[in-house]
Amino acid sequence: MTTSRHVREFAYEAGEEVVLRLDGADAFDVGRGLPVPSACLAAWTIGTIVTAMRRDGAPAYAVRFLPHGDACVCAADERAIEGIA
């Protein structure tokens, strides 16, 4: 008898909508090609996972969100995600 163990490396997958805390996030406005000042960001948003990655050895995600209708992205550590929206 063989046993296989599947360890899930990331809690979220590309395409999932998540609730994301933006406190301290480095966001980038895709349309304007500029960083978004932290003062212009809400405390949280709903965004879509673009891809999973590792940042400083920990799970992180590129997340796309639409503050005020403008497409923005940020790299977010997994602990900044509150859960699926």
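Among the strands (runs of 3 or more DSSP E) contained in the chain, which hold 1 or more residues that are under 13 Å from the mean Cα position of the chain (by Cα)? Spell out the reasoning first.
Values: elements: 17-21, 27-29, 34-36, 44-55, 58-65, 72-77, 81-84.
It comes to 17-21, 27-29, 44-55, 58-65, 72-77, 81-84.
Restricting to the stretch 34-64, name every residue that is among the polar types (S, T, N, Q) and either under 11 Å from Leu20 (Cα atoms) or touching a residue at least 24 places away in the same chain (Cβ under 8 Å) (or both).
Once the filter is applied, which keeps residues that are among the polar types (S, T, N, Q) and either under 11 Å from Leu20 (Cα atoms) or touching a residue at least 24 places away in the same chain (Cβ under 8 Å) (or both), the stretch 34-64 yields Thr45, Thr48, Thr51.
Go through (1) surrounded by 12 or more Cβ atoms within 10 Å (Cβ to Cβ); (2) of a type outside the set (A, V, I, L, M); (3) without any contact (Cβ under 8 Å) to a residue 12 or more places away in the chain one by one and return the number of the condition Pro67 breaks.
(3)
Looking at the stretch 11-41, which of its residues are closer than 16 Å to Glu82 by Cβ and surrounded by 12 or more Cβ atoms within 10 Å (Cβ to Cβ)?
If the condition is that a residue be closer than 16 Å to Glu82 by Cβ and surrounded by 12 or more Cβ atoms within 10 Å (Cβ to Cβ), then Ala11, Tyr12, Glu16, Glu17, Val18, Val19, Leu20, Arg21, Leu22, Ala25, Leu41 are the ones that fit.
A short reminder: the numbers here are calculations on the coordinates, not readings from a lab. These figures come from a predicted structure and were not determined experimentally. Here Cβ is always computed from backbone atoms with ideal geometry, including for glycine, and neighbour counts include all displayed protein chains.
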